[in-house]
Amino acid sequence: GGNALEQDIICQILMRHELWGYESSLPRVGHPDLPARYQLQRWLQSSPFSLALIDAAQYIKNHLSEQEYFYLKIGKHRWEIKRREVEVKVLVPFVQQLNRQLNQLLIRVGWSTVAINQAIYTGELMSLGALTRWLRQKLPNAIIIDQRRGMGLHYPLTLGLASLPLYPSILNLVH
């Protein structure tokens, strides 16, 4: 998720006016689009300039909740980036796609959001306020546990459970 979010920041914010020779199709914001994302990642790792774009996107992502504006300069390129712009163009589509995915999973397993009484989150993306607000709204009866802080004995279990939706055949065995 973190890499995809950085790519979306690059595509929607930093590359909005100029593609700098990138010739493949850009991934749809907020969507997995793995072939397009793999192509983009190869391009992003191909030059010092594109590596600097990754660093800029990481900076924006990591400081999004702290600053209203970002001023970036890479070589002759300059950007004034507003937090609200990143939220609207990148975070909102990301959260909408995450919501659709969770809805599909809940429908498949026959659960409702109000029946979930506990949720554990982990990873750097959850430091983004939009994601934690969405999770609290989506799961109104759940106790939300921030596993990023503890990183204790249950951390490997948490990571395994978080990746469970990636393996639908395992989910089918649980029924």
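Surface listing: Lys76, Lys138, Lys82, Lys61 arranged by accessible area from highest to lowest gives Lys76, Lys82, Lys138, Lys61, probe 1.4 Å.
Overall shape: prolate for region 61-133, with the ratio a/c of the largest to smallest alpha carbon gyration tensor axis at 1.5 or above and a/b above b/c. Might you work out the accessible area of Glu68 for me, using a 1.4 Å probe with all protein chains in place, and round it to the nearest 10 Å²? Spelled out: Glu68, probe radius 1.4 Å, area about 100 Å². With the whole protein complex present, Arg28 retains an accessible surface near 130 Å², based on a 1.4 Å probe.
For Phe94, Phe49, Phe70, the ranking by accessible surface with the largest value first comes to Phe49, Phe94, Phe70, using a 1.4 Å probe.
Quick check: with the 1.4 Å probe, what order do Glu85, Glu66 take by accessible area, largest first?
Working: Glu85 40, Glu66 125 Å².
Per-residue accessible area, sorted high to low, gives Glu66, Glu85.
Once you reduce region 71-85 and region 1-48 to the center of their Cα atoms, the two points are 17 Å from each other.
For Lys138, the lysines whose Cα falls under 25 Å of its own Cα, not counting residues fewer than eight places away in the same chain, are Lys61, Lys89.
The values are calculated or read from the model by the stated rules, or taken from the named source; none is laboratory data. Being a predicted model, the structure only gives us computed values, none of them experimental. Protein only, heavy atoms only, side chains kept; ligands, DNA and RNA dropped before computing areas. Shrake-Rupley method; radii C 1.70, N 1.55, O 1.52, S 1.80 Å.
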